[in-house]
1. Please give the charge dipole size of the chain, origin at the Cα centre, charges +1 on K and R Cβ atoms and -1 on D and E Cβ atoms. Round to the nearest 20 debye.
2. Take peptides 91-98, 43-50 and line them up by average Cβ neighbours within 10 Å, highest first, as a rough protection proxy.
3. Say the dipole of the range 2-149 comes from +1 at the beta carbon of Lys and Arg and -1 at that of Asp and Glu; which of A42, I69, H115 then lies farthest toward its positive end?
4. Fewest to most neighbouring Cβ within 10 Å: what's the order for W54, W124?
5. If you average 1/r over all unlike Cα pairs in the range 6-68 and invert the result, what Kirkwood radius do you get in angstrom?
6. Can you sort H122, H115 from fewest to most other Cβ atoms within 10 Å of each residue's own Cβ?
7. Quote the convex hull volume per residue of the range 7-155, based on C-alpha atoms, as a whole number of Å³.
8. Excluding residues on the same chain fewer than 8 positions from K39, give the lysines whose Cα lies under 26 Å from its Cα.
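Just so you know, all these numbers are worked out from the coordinates, no wet-lab data involved. All values derive from a computational prediction rather than experimental measurement. All Cβ positions, even for glycine, are placed from backbone atoms using ideal geometry, and neighbour counts span all protein chains on display.
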Amino acid sequence: MINFVIRFLRQPLFIQLWAIPVWLLLGLSKLCIFQVSFKQLAIRLGDYQADQFWVPLITRKQIQRARLIGRLVQGVAPYTLWDSNCFPQAVTAQLLLRLYRIPSALYLGLAKTQHDPKLKAHAWLCSGQVRVTGGFSFNQFTPVAQFITRIEPQA
């Protein structure tokens, strides 16, 4: 327990301040995924794309913030009392990126291997060149849907 506290206190202030809210957001994301129909959830995920997949460009400052958000969400997820798999992580990280006015693309993908005939589903979130959540998923999963969040520049 002491090692955990020491590691936590060595994290950037951003991660320390957001750890508990993100823990709660992961729970709310998981609840929404199970309680809200996908059609209603998809409306809130962003602009739907099924045939053209692309990643919005971001500035250097946004890249740093997106990396921190990814580190935060992926770092908190193992400590939830529920399974915070790829989809709640992507939804939570997307919400934080929106809060910080950083455009992103949430992908839903499928994969099937010769060794396992079952389809595997995965969700991942990218912003610019940053893989915010979900890792190197383009190599393993075929994207079937994309939700783009566009952020209009402030006047």
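1. 360 debye
2. Going by the mean number of other Cβ atoms within 10 Å, highest first, we get 91-98, 43-50.
3. The Cα lying farthest towards the positive end belongs to I69.
4. Fewest to most other Cβ atoms nearby, the residues stand as W54, W124.
5. Values: mean 1/r = 0.0671 Å⁻¹.
14.9 Å is the Kirkwood radius here.
6. H115, H122
7. Taking only Cα atoms, the range 7-155 has a hull volume of 139 Å³ per residue.
8. Of all the lysines, those that pass the test against K39 - Cα under 26 Å, at least 8 places apart if same chain - are K30, K112, K118, K120.
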